[in-house]
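Below is one structure, written out as structure tokens; comments come after it.
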Amino acid sequence: MSKGKLIVISGASGVGKGTVLGIMMKKRKDLSFSVSATTREPRPGEIDGVHYYFISREKFEEMIAQGAFLEYDAHADNYYGTPQAQAEEKRERGPVLLDIEPKGAKQVRASVPDAELIFIMPPSMEELERRLRGRGDTSEEQIKMRMERAVWEMEQRFWYDHVVVNDEPERCADEILNIIAE
Ligand code: 5GP
């Protein structure tokens, strides 16, 4: 059997990727989620091994040295990366969703040419800032940093295969499901 496709989903922090991915996975049971490793602290409600593997900087750097990542990047003062072995294992069972930012997406495009790259846009910058503040766990300084990064990330959307707007999570999830069903 051929391996499942890698589906990369990018979009600024706060755009609602988590919600959209959750809806997609409820509707298509063959989809699985690539759990990234990160050195950042868990947010309230985040579970180790479900949302991320929360690991130390030392461990992350050890994994880089071992070539254990399909892609990785350092941003917002932390490392984030896709463990290669896990992604490969999940591809045996169907398409795999990767929630990663543009630098990582570029690495995936280079190493896995048939990966499908999808970029999620917020309806507006005002709405993105409102959603970031709504999380309640982000300092003023972090919000400024994330908004600046969002502008840069959104400039990267032009080299993605598809751009979708998350005006409403259910609708956005359906649009992506249609794209990947093609
Ligand atoms: P957050 O800290 O809000 O969970 O994620 C911040 C950013 O890191 C998001 O844009 C998310 O897509 C990205 N990210 C999460 N996991 C990975 C990963 O494994 N690799 C890369 N390159 N980016 C990731």
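The values are calculated or read from the model by the stated rules, or taken from the named source; none is laboratory data. Keep in mind it's a predicted model, so treat the numbers as computed, not measured. For neighbour counting, all protein chains shown are included, and Cβ atoms are generated from backbone atoms with ideal geometry for every residue, glycine included. The accessibility values were calculated without ligands, DNA or RNA, using every heavy atom of the protein model including side chains. Shrake-Rupley method; radii C 1.70, N 1.55, O 1.52, S 1.80 Å.
For the stretch 57-141, GluC sites (Glu not before Pro) meeting the loop criterion (DSSP other than H, G, I, E, B) and having at most 11 other Cβ atoms within 10 Å: 92. Applying 1/(1 + (r/R0)^6) with R0 = 30 Å to the Cβ-Cβ distance of residue 148 and residue 2 gives a FRET efficiency near 0.15.
The 3J(HN,Hα) values that the Karplus relation (6.51, -1.76, 1.60; θ = phi - 60°) gives for the stretch 71-78 are, in residue order, 7, 7, 7, 10, 8, 6, 6, 9 Hz. Gly and Pro appear as x.
Ranked by solvent-accessible area (1.4 Å probe, protein heavy atoms only, all chains present), the residues 2, 34 order from largest to smallest as 2, 34.
The residue 162 and residue 77 beta-carbon pair, evaluated with R₀ = 41 Å, returns a calculated FRET efficiency of approximately 0.85. First check a/c for the stretch 4-125, with a ≥ b ≥ c the square roots of the eigenvalues of its C-alpha gyration tensor; if it is under 1.5, answer rounded, and if not, answer prolate when a/b is larger than b/c or oblate otherwise. Since a/c stays below 1.5, the shape of the stretch 4-125 is classed as rounded. Its relative contact order, with pairs defined as Cα atoms under 8 Å and 6+ residues apart, puts the stretch 11-71 at 23 percent.
Summing Cβ point charges (Lys, Arg +1; Asp, Glu -1) relative to the Cα centre of the stretch 1-146 gives a dipole of roughly 600 debye. Paramagnetic label reach from residue 141 (point 7 Å along Cα→Cβ; backbone nitrogen cut-off under 15 Å): within the stretch 57-76, residues 76.
Sparsely packed loop sites in the stretch 137-172 (the chymotrypsin sites (Phe, Trp or Tyr not before Pro) outside DSSP H, G, I, E and B with at most 14 other Cβ atoms within 10 Å) do not occur. Summing charges over all other residues whose Cβ lies under 12 Å from the Cβ of residue 124, with Lys and Arg as +1 and Asp and Glu as -1, gives -2.
If a spin label sat at a point 7 angstrom from the Cα of residue 177 along the line to its beta carbon, the backbone N atoms of the stretch 12-41 nearer than 18 Å would be those of 17-33.
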